[in-house]
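Written below as structure tokens is the structure these notes are about.
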Amino acid sequence: MMRDPRAYAEGRRADRGAQVIDDAWSPLKLTGLRLFLDASRITGLANNDPVAQWDDLSGLGNHATSSGANRPTYKAAGLNGRPAVTWNGTSSWLLVPALLASSTPLSFLCVISPTGTGVRRLIDIQ
């Protein structure tokens, strides 16, 4: 069965000719979801604007924040023509609440397109 990859985020059904496909899956249906960031749902920013807050879609208010020159950049067509948040590779970051502070197992899914060489950190636990 073919699935429309954007249907889950938009909560809609996908039509493929005579076949109707129900793509109602969403990360919001995951038990124990603590943080859900989706660049396609960022509002109020234009291309190349700095991201001061990336709203958590889990409903728990675990928004990712940054300030000053440390903010990553919003790209309206950043990854395969889809909205994305980009980092400069040296000093831009987003801070999220202490989601990793416990010993509870977790899963982390991220779509990235690394550029350049050298060491890059995706998660830094302080």
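Rundown of residues vs (1) of a type in the set (Phe, Trp, Tyr); (2) in contact (Cβ under 8 Å) with a residue 40 or more places away in the chain; (3) farther than 16 Å from LEU109 by Cα, yes/no style:
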position	(1), (2), (3)
ILE42	no, yes, yes
ASP49	no, no, yes
GLY68	no, no, yes
ARG71	no, no, yes
ASN80	no, no, yes
VAL96	no, yes, no
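Every residue in region 25-72 that is aromatic (Phe, Trp, Tyr) and in contact with a Ser or Thr (Cβ under 9 Å, 6 or more places away or on another chain), please. The answer is PHE36, TRP54.
For the condition surrounded by 11 or more Cβ atoms within 10 Å (Cβ to Cβ), out of contact with any Phe, Trp or Tyr (no Cβ under 6 Å at 6 or more places or on another chain) and modelled with pLDDT of 90 or more, what is the one hit in TRP54, TRP93? Give the steps one after another, and end with the answer.
Working: TRP93 fails: modelled with pLDDT of 90 or more.
Among TRP54, TRP93, only TRP54 is surrounded by 11 or more Cβ atoms within 10 Å (Cβ to Cβ), out of contact with any Phe, Trp or Tyr (no Cβ under 6 Å at 6 or more places or on another chain) and modelled with pLDDT of 90 or more.
Tell me, yes or no, whether region 20-29 has at least one residue that is open to solvent by 70 Å² or more (accessible area, probe 1.4 Å), assigned to a strand (DSSP E or B) and modelled with pLDDT under 80. Even if it seems obvious, please write down each step before you answer.
First, the residues of region 20-29 that are open to solvent by 70 Å² or more (accessible area, probe 1.4 Å): 20, 22, 25, 28-29.
Still in the running and assigned to a strand (DSSP E or B): 20, 22.
Then keep just the ones that are modelled with pLDDT under 80; that gives 20, 22.
The answer is yes, given that some residue of region 20-29 is open to solvent by 70 Å² or more (accessible area, probe 1.4 Å), assigned to a strand (DSSP E or B) and modelled with pLDDT under 80.
Candidates are the residues of region 35-71 that are hydrophobic (A, V, I, L, M, F, W, C) and under 15 Å from LEU99 (Cα atoms); the one that is nearest to the chain's Cα centre (by Cα) is LEU37.
Quick one: which residue in ALA98, ALA64, ALA76 is small (Gly, Ala, Ser), closer than 23 Å to LEU33 by Cβ and at pLDDT 90 or above? Give the derivation first.
Values: ALA98 fails: at pLDDT 90 or above; ALA76 fails: closer than 23 Å to LEU33 by Cβ.
Residue meeting the stated conditions: ALA64.
The values are calculated or read from the model by the stated rules, or taken from the named source; none is laboratory data. This is a predicted model, so every value here is computed, not measured. FYI the Cβ positions are ideal-geometry reconstructions off the backbone, even for glycines, and counts take in every protein chain you see. The protein model used for the area step is the full one, side chains on, heavy atoms only, and it has no ligands, DNA or RNA in it. Shrake-Rupley method; radii C 1.70, N 1.55, O 1.52, S 1.80 Å.
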